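The values are calculated or read from the model by the stated rules, or taken from the named source; none is laboratory data. Fair warning: this is a prediction, and the values are worked out from it, not measured in the lab. FYI the Cβ positions are ideal-geometry reconstructions off the backbone, even for glycines, and counts take in every protein chain you see. Just the protein is used for accessible areas: all its heavy atoms, side chains included, with ligands, DNA and RNA removed. Shrake-Rupley method; radii C 1.70, N 1.55, O 1.52, S 1.80 Å.
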Amino acid sequence: MIRLLIDADTGVDDSIALLYALNHADVEIVGITTVTGNTDSEQAGVNTLKILDLADAPDIPVVIGERQPLEEKWHGPVTFIHGENGIGNVQLPDSARSFRRQDVSDFMMEMAERYAGELVLVTLGPLTNVARTLRRYPDFGKKIRRVVSMGGTLNMRGNVSPVAEANFAGDPRACDIVFQSGMDILTVGLDVTIKTRLTVGHMELLKRVRKESCRKAVEYMDQALTYYRKGSREQNYSLDDCPLHDPLAMVAALHPELFQIQRRKARIECGGTYCKGMVVTDTREKPFQAEYVSFAVDVDRERAVAYLLAAFWE
């Protein structure tokens with residue numbers, strides 16, 4: 001059994017990553033925290049409660065996290081990708097669940113101490129909550145088994161600038177703090193998520209073979225992905241598919257054997273007009289002062305998609 005603490009800015013792809021983890025037989029989710037990114041952290045929390053209902057999930061604590069990046073202002077929701085409500089404008093019933101009213105850093109540290117040495121932290125949005133927790137509790141990183149973070153790019157172009165990916169660019173200072181924490185970090189960025197595509201054909205197959213217990217979840221995914229693919233066409237001229245960002249990071253947390261990984265000393269560029277949020281690695285014989293971070297540079301795409309879909313089928 002793998003115990004996960006998930007930090008998300010719950011948009012369309014976050015919601016699919018959550019549904020995958022919630023339907024995976026070998027996963028226990030001990031808590032979910034929300035952060036501002038695709039949408040604001042409060043809306044992300046509302047979305048998360050609704051996704052838990054879709055999966056008929058047990059009572060998993062959900063804590064609202066940071067509403068602004070560490071050093072700058074949030075630029076607003078990404079509506080052309082995630083819709084006005086963050087989940088592709090799909091109207092899900094209001095949830096009867098409630099948030100845990102607790103400071104996000106206190107909650108993260110509580111979970112880290114309760115499951116010391118065994119907790120996998122999966123981050124699907126900007127790293128604001130994690131950086132704030134590290135600042136408040138310097139021992140937090142030592143209690144986390146490993147971190148799997150969706151974000152960044154080494155060799156692929158960026159998606160919010162020529163060189164930067166949205167999560168890391170959303171709070172570059174927070175990301176740099178996390179990178180320098182010494183935690184065991186696997187970054188799943190655009191190098192692998194752009195090349196791993198979820199197609200209309202995949203969803204048509206899933207609608208035919210899904211478990212009855214996953215009916216509501218698959219119907220939601222089909223609707224939300226229709227909107228998400230529209231945004232992908234607008235952004236990247238995609239046809240009948242879309243990239244797998246957050247869901248692929250969740251697959252990596254559970255099946256790292258599917259990925260080719262490189263370890264590099266890395267920092268995040270926190271300034272500049274064109275390069276803010278860029279991952280800067282140093283492969284020189286005498287590199288700059290930095291911690292080593294693991295980067296997914298290739299993936300078995302077909303198996304990754306199959307593993308994702310298999311959580312929902314008979």
Which numbered condition Ser149 misses (of (1) open to solvent by less than 10 Å² (accessible area, probe 1.4 Å); (2) in contact with a helix residue (DSSP H, G or I) (Cβ under 6 Å, 6 or more places away or on another chain); (3) closer than 22 Å to Pro243 by Cα): (2)
Filtered residues of the range 247-300 (kept if assigned to a helix (DSSP H, G or I), of a type outside the set (Asp, Glu) and open to solvent by 60 Å² or more (accessible area, probe 1.4 Å)): none
Among (1) over 15 Å from Leu124 (Cα atoms); (2) out of contact with any Lys or Arg (no Cβ under 8 Å at 6 or more places or on another chain); (3) not in a loop (DSSP other than H, G, I, E, B); (4) not small (Gly, Ala, Ser), the one test that Leu49 misses: (2)
Conditions (1) crowded, with 17+ Cβ neighbours inside 10 Å; (2) in a strand (DSSP E or B); number of the one not met by Leu309: (2)
Matching residues, the range 78-88, being part of a loop (DSSP other than H, G, I, E, B) and open to solvent by less than 60 Å² (accessible area, probe 1.4 Å): Val78, Gly83, Asn85, Gly86, Ile87, Gly88
Residue pairs meeting the criteria (Cβ under 9 Å; at least 6 apart or on separate chains; first farther than 13 Å from Ser294 by Cα, in the range 249-266; second of a type in the set (Asp, Glu) and open to solvent by 50 Å² or more (accessible area, probe 1.4 Å)): Leu254/Asp26; Glu257/Asp300; Leu258/Asp300
Close pairs (9 angstrom Cβ cut-off, 6 or more residues apart or separate chains): within 22 Å of Arg145 (Cβ to Cβ) in the range 87-110, among the β-branched types (Val, Ile, Thr) and assigned to a loop (DSSP other than H, G, I, E, B) anywhere: Val104/Val35
Residues within the range 232-284 that are modelled with pLDDT under 95 and among the aliphatic types (A, V, I, L, M), tallied: 1
Breaking point among (1) of a type outside the set (A, V, I, L, M, F, W, C); (2) closer than 24 Å to Met183 by Cα; (3) touching a His at 6+ places or on another chain (Cβ under 7 Å), for Glu71: (3)
The range 44-60: number of residues that are of a type outside the set (D, E, K, R), open to solvent by 30 Å² or more (accessible area, probe 1.4 Å) and in contact (Cβ under 8 Å) with a residue 24 or more places away in the chain: 1
Residue list for the range 91-108, filter: open to solvent by less than 10 Å² (accessible area, probe 1.4 Å) and among the hydrophobic types (A, V, I, L, M, F, W, C): Val104, Phe107, Met108
Val63 being crowded, with 22+ Cβ neighbours inside 10 Å, over 20 Å from Ala166 (Cβ atoms) and modelled with pLDDT of 95 or more: yes
Test result for Ser213, more than 28 Å from Trp74 (Cβ to Cβ), among the polar types (S, T, N, Q) and open to solvent by 10 Å² or more (accessible area, probe 1.4 Å): yes
Those residues of the range 141-195 which are touching a strand residue (DSSP E or B) at 6+ places or on another chain (Cβ under 7 Å) and hydroxyl-bearing (Ser, Thr, Tyr), in sequence order: Ser149, Thr153, Thr187, Thr193
